[in-house]
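The values are calculated or read from the model by the stated rules, or taken from the named source; none is laboratory data. Given the structure is predicted, the values throughout are model-derived calculations rather than measurements. Every residue, glycine as well, gets a Cβ built from its backbone with ideal geometry; the counts of neighbours run over all protein chains shown. Accessible surface is based on the protein model in full, side chains and every heavy atom, while ligands, DNA and RNA are left aside. Shrake-Rupley method; radii C 1.70, N 1.55, O 1.52, S 1.80 Å.
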Amino acid sequence: MKFFIDTANVEEIREIAEWGIIDGVTTNPSLIAKEGRDFKTVIGEIVQIVNGPISAEVVSLTAKEMLQEAEDLVSIHPNIVIKVPMTEEGLKAVKEFSRNGIKTNVTLVFSATQALMAAKAGATYVSPFVGRLDDIGHTGMDLIKEIVAIFAIHNISTQVLAASIRHNLHVTEAAKAGADVATIPYKIFKQMVQHPLTDIGIEKFLQDWERAIK
Ligand code: E4P
(Lines give C-alpha, C1' and ligand atoms only; values in the text may rest on other atoms or scores of the structure.)
Protein backbone atom coordinates (compact mmCIF):
# COMPACT_ATOMS: atom_id res chain seq x y z
CA MET A 1 0.00 0.00 0.00
CA LYS A 2 1.26 3.45 -0.91
CA PHE A 3 1.49 6.21 1.69
CA PHE A 4 0.44 9.72 0.71
CA ILE A 5 0.64 12.60 3.17
CA ASP A 6 -2.60 14.53 3.64
CA THR A 7 -1.48 18.12 4.23
CA ALA A 8 -0.60 21.36 2.44
CA ASN A 9 2.06 22.29 5.00
CA VAL A 10 5.44 22.14 3.28
CA GLU A 11 7.38 21.82 6.53
CA GLU A 12 5.33 18.77 7.52
CA ILE A 13 5.78 17.28 4.04
CA ARG A 14 9.53 17.93 4.11
CA GLU A 15 9.95 16.32 7.55
CA ILE A 16 8.05 13.12 6.73
CA ALA A 17 9.46 12.90 3.18
CA GLU A 18 12.94 12.70 4.77
CA TRP A 19 11.92 9.36 6.28
CA GLY A 20 11.82 7.99 2.71
CA ILE A 21 8.34 6.49 2.91
CA ILE A 22 6.14 9.04 1.13
CA ASP A 23 4.74 8.15 -2.29
CA GLY A 24 2.55 11.21 -2.89
CA VAL A 25 0.60 14.11 -1.37
CA THR A 26 -3.09 15.04 -1.15
CA THR A 27 -4.37 18.53 -0.47
CA ASN A 28 -7.87 19.96 -0.34
CA PRO A 29 -9.27 23.52 -0.17
CA SER A 30 -9.51 23.40 3.66
CA LEU A 31 -5.88 22.29 4.02
CA ILE A 32 -4.74 24.99 1.57
CA ALA A 33 -6.77 27.68 3.39
CA LYS A 34 -5.16 26.65 6.70
CA GLU A 35 -1.74 27.61 5.31
CA GLY A 36 -2.82 31.17 4.42
CA ARG A 37 -0.59 31.13 1.32
CA ASP A 38 -1.11 31.26 -2.44
CA PHE A 39 -2.45 27.92 -3.74
CA LYS A 40 -0.20 27.60 -6.78
CA THR A 41 2.90 28.66 -4.85
CA VAL A 42 2.23 25.95 -2.25
CA ILE A 43 1.64 23.26 -4.90
CA GLY A 44 4.78 24.44 -6.73
CA GLU A 45 6.81 23.89 -3.53
CA ILE A 46 5.25 20.49 -2.80
CA VAL A 47 6.18 19.07 -6.23
CA GLN A 48 9.80 19.95 -5.49
CA ILE A 49 9.75 17.92 -2.26
CA VAL A 50 7.87 14.74 -3.25
CA ASN A 51 8.38 13.03 -6.58
CA GLY A 52 4.98 11.36 -6.85
CA PRO A 53 1.30 12.13 -7.42
CA ILE A 54 0.29 15.48 -5.88
CA SER A 55 -3.49 16.04 -5.67
CA ALA A 56 -4.66 19.63 -6.20
CA GLU A 57 -8.41 20.18 -5.94
CA VAL A 58 -10.60 22.30 -8.20
CA VAL A 59 -13.28 24.42 -6.54
CA SER A 60 -15.47 25.10 -9.58
CA LEU A 61 -18.84 23.41 -9.73
CA THR A 62 -19.32 23.04 -13.51
CA ALA A 63 -17.34 20.68 -15.70
CA LYS A 64 -16.41 23.49 -18.06
CA GLU A 65 -14.96 25.60 -15.25
CA MET A 66 -13.24 22.59 -13.65
CA LEU A 67 -11.45 21.95 -16.95
CA GLN A 68 -10.42 25.60 -17.19
CA GLU A 69 -9.30 25.74 -13.57
CA ALA A 70 -7.18 22.61 -14.00
CA GLU A 71 -5.23 24.07 -16.93
CA ASP A 72 -3.14 26.24 -14.59
CA LEU A 73 -2.67 23.43 -12.10
CA VAL A 74 -1.45 20.81 -14.57
CA SER A 75 1.00 23.33 -15.99
CA ILE A 76 2.79 23.44 -12.61
CA HIS A 77 4.23 19.90 -12.90
CA PRO A 78 3.55 16.55 -14.65
CA ASN A 79 2.92 14.92 -11.23
CA ILE A 80 -0.20 16.99 -10.57
CA VAL A 81 -3.39 14.97 -10.13
CA ILE A 82 -6.62 16.95 -10.43
CA LYS A 83 -8.92 16.35 -7.49
CA VAL A 84 -12.55 16.55 -8.56
CA PRO A 85 -15.67 16.35 -6.37
CA MET A 86 -18.02 13.39 -6.89
CA THR A 87 -20.88 15.19 -8.68
CA GLU A 88 -22.59 14.96 -12.08
CA GLU A 89 -20.40 17.82 -13.34
CA GLY A 90 -17.37 16.22 -11.71
CA LEU A 91 -17.98 12.99 -13.66
CA LYS A 92 -18.17 14.92 -16.93
CA ALA A 93 -14.91 16.66 -16.11
CA VAL A 94 -13.19 13.39 -15.13
CA LYS A 95 -14.22 11.81 -18.45
CA GLU A 96 -12.68 14.74 -20.32
CA PHE A 97 -9.51 14.76 -18.18
CA SER A 98 -9.15 11.05 -18.81
CA ARG A 99 -9.49 11.55 -22.60
CA ASN A 100 -6.72 14.16 -22.35
CA GLY A 101 -4.42 11.92 -20.30
CA ILE A 102 -4.77 14.01 -17.12
CA LYS A 103 -4.82 12.02 -13.87
CA THR A 104 -7.71 12.55 -11.48
CA ASN A 105 -8.65 11.84 -7.88
CA VAL A 106 -12.41 11.77 -7.33
CA THR A 107 -13.00 13.03 -3.82
CA LEU A 108 -15.87 13.04 -1.32
CA VAL A 109 -16.83 9.45 -2.15
CA PHE A 110 -19.26 7.97 0.36
CA SER A 111 -20.80 5.00 -1.49
CA ALA A 112 -19.74 2.09 -3.67
CA THR A 113 -21.91 3.28 -6.56
CA GLN A 114 -20.20 6.69 -6.50
CA ALA A 115 -16.85 4.90 -6.68
CA LEU A 116 -18.04 2.73 -9.58
CA MET A 117 -19.23 5.75 -11.53
CA ALA A 118 -15.99 7.62 -10.92
CA ALA A 119 -14.06 4.59 -12.16
CA LYS A 120 -16.24 4.34 -15.27
CA ALA A 121 -15.54 8.00 -16.01
CA GLY A 122 -11.83 7.13 -15.97
CA ALA A 123 -10.70 8.30 -12.52
CA THR A 124 -7.13 7.41 -11.59
CA TYR A 125 -8.03 7.38 -7.87
CA VAL A 126 -11.26 7.35 -5.87
CA SER A 127 -11.16 8.75 -2.35
CA PRO A 128 -13.68 7.20 0.06
CA PHE A 129 -13.72 9.26 3.29
CA VAL A 130 -13.42 6.78 6.16
CA GLY A 131 -13.35 9.17 9.13
CA ARG A 132 -16.28 11.30 8.01
CA LEU A 133 -18.43 8.15 7.70
CA ASP A 134 -17.34 7.04 11.19
CA ASP A 135 -18.32 10.51 12.42
CA ILE A 136 -21.95 9.94 11.41
CA GLY A 137 -22.18 6.46 12.92
CA HIS A 138 -21.20 4.29 9.95
CA THR A 139 -18.19 2.01 9.72
CA GLY A 140 -16.16 3.90 7.11
CA MET A 141 -13.78 1.00 6.58
CA ASP A 142 -16.63 -1.19 5.30
CA LEU A 143 -16.83 1.13 2.29
CA ILE A 144 -13.14 0.61 1.52
CA LYS A 145 -13.64 -3.17 1.70
CA GLU A 146 -16.70 -2.97 -0.56
CA ILE A 147 -14.99 -0.83 -3.22
CA VAL A 148 -11.80 -2.94 -3.20
CA ALA A 149 -13.92 -6.10 -3.67
CA ILE A 150 -16.01 -4.61 -6.50
CA PHE A 151 -12.95 -3.27 -8.34
CA ALA A 152 -11.28 -6.70 -8.05
CA ILE A 153 -14.35 -8.56 -9.39
CA HIS A 154 -14.62 -6.22 -12.37
CA ASN A 155 -10.90 -5.84 -12.97
CA ILE A 156 -11.10 -2.05 -12.56
CA SER A 157 -7.74 -0.32 -12.55
CA THR A 158 -8.85 2.84 -10.65
CA GLN A 159 -6.93 2.95 -7.38
CA VAL A 160 -8.70 3.02 -4.02
CA LEU A 161 -7.30 5.84 -1.91
CA ALA A 162 -8.41 5.61 1.74
CA ALA A 163 -8.96 9.23 2.85
CA SER A 164 -10.11 11.00 6.00
CA ILE A 165 -7.80 8.82 8.07
CA ARG A 166 -8.09 9.71 11.75
CA HIS A 167 -5.86 7.23 13.57
CA ASN A 168 -3.34 4.42 13.38
CA LEU A 169 -5.95 1.66 13.21
CA HIS A 170 -7.49 3.20 10.08
CA VAL A 171 -4.12 2.72 8.34
CA THR A 172 -3.82 -0.92 9.43
CA GLU A 173 -7.41 -1.65 8.46
CA ALA A 174 -7.03 0.09 5.07
CA ALA A 175 -3.93 -2.04 4.37
CA LYS A 176 -5.81 -5.23 5.37
CA ALA A 177 -8.75 -4.23 3.18
CA GLY A 178 -6.45 -3.93 0.17
CA ALA A 179 -6.61 -0.14 -0.36
CA ASP A 180 -4.01 0.91 -2.93
CA VAL A 181 -3.19 4.10 -1.03
CA ALA A 182 -3.80 5.62 2.39
CA THR A 183 -3.48 9.38 2.67
CA ILE A 184 -2.32 10.07 6.18
CA PRO A 185 -2.16 13.34 8.17
CA TYR A 186 1.23 14.45 9.61
CA LYS A 187 0.11 13.83 13.20
CA ILE A 188 -0.78 10.20 12.42
CA PHE A 189 2.61 9.58 10.76
CA LYS A 190 4.26 10.78 13.98
CA GLN A 191 2.08 8.41 16.03
CA MET A 192 2.61 5.46 13.67
CA VAL A 193 6.37 5.49 14.10
CA GLN A 194 6.15 5.29 17.89
CA HIS A 195 5.64 2.45 20.34
CA PRO A 196 6.36 2.63 24.10
CA LEU A 197 8.08 -0.78 24.01
CA THR A 198 10.46 0.56 21.35
CA ASP A 199 11.41 3.49 23.63
CA ILE A 200 11.80 1.21 26.67
CA GLY A 201 13.84 -1.22 24.55
CA ILE A 202 16.24 1.49 23.37
CA GLU A 203 16.71 2.78 26.93
CA LYS A 204 17.47 -0.73 28.21
CA PHE A 205 19.93 -1.48 25.41
CA LEU A 206 21.76 1.80 26.07
CA GLN A 207 21.90 1.13 29.86
CA ASP A 208 23.25 -2.40 29.27
CA TRP A 209 25.75 -1.09 26.71
CA GLU A 210 27.20 1.18 29.41
CA ARG A 211 28.13 -1.99 31.36
CA ALA A 212 29.49 -3.90 28.38
CA ILE A 213 33.22 -4.53 27.92
CA LYS A 214 34.26 -2.46 24.92
C1 E4P B 1 -7.94 13.81 1.31
O2 E4P B 1 -7.87 13.61 0.13
C3 E4P B 1 -9.16 14.32 1.97
O4 E4P B 1 -9.48 15.59 1.51
C5 E4P B 1 -8.94 14.31 3.45
O6 E4P B 1 -8.40 13.04 3.81
C7 E4P B 1 -10.17 14.63 4.26
O8 E4P B 1 -9.91 14.39 5.61
P9 E4P B 1 -10.84 14.97 6.79
O10 E4P B 1 -12.15 14.25 6.73
O11 E4P B 1 -10.09 14.67 8.03
O12 E4P B 1 -11.00 16.45 6.53
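Here are the numbers for this structure:
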quantity	calculated
List Ile5, Ile202, ordered by accessible area with a 1.4 Å probe, largest first	Ile202, Ile5
His77, His170, His195, reordered so the largest accessible area comes first (probe 1.4 Å)	His195, His77, His170
Inter-label distance, nm, simple model (7 Å from Cα along the C-beta direction), Thr41/Asp135	2.9 nm
Approximate spin-label separation His167-Asn51, in nm, with each point projected 7 Å along Cα-to-Cβ	3.7 nm
The chain, helix-only ellipticity at 222 nm - DSSP H runs n ≥ 4, -39,500 (n - 2.57), divided by all residues, nearest 500	-15500 deg cm²/dmol
Backbone HN-Hα couplings from phi across the stretch 111-122 [Karplus 6.51/-1.76/1.60, Hz, Gly and Pro as x]	8, 5, 5, 4, 5, 4, 5, 4, 5, 4, 6, x
Net lengthening on full extension, Gln191/Ile153 (0.36 nm per residue, minus Cα-Cα)	10.2 nm
Counted charge near Lys120, where neighbours are those whose Cβ lies closer than 15 Å (Asp, Glu -1; Lys, Arg +1)	+1
Cβ-based net charge around Asn105, under 14 Å, with every Lys or Arg adding one and every Asp or Glu removing one	-1
Amide hydrogen neighbours beyond the local backbone of Val25, cut-off 5 Å, H modeled	Ile5, Ile54, Ser55
The stretch 1-123 shape via C-alpha gyration tensor axes, a/c threshold 1.5	prolate
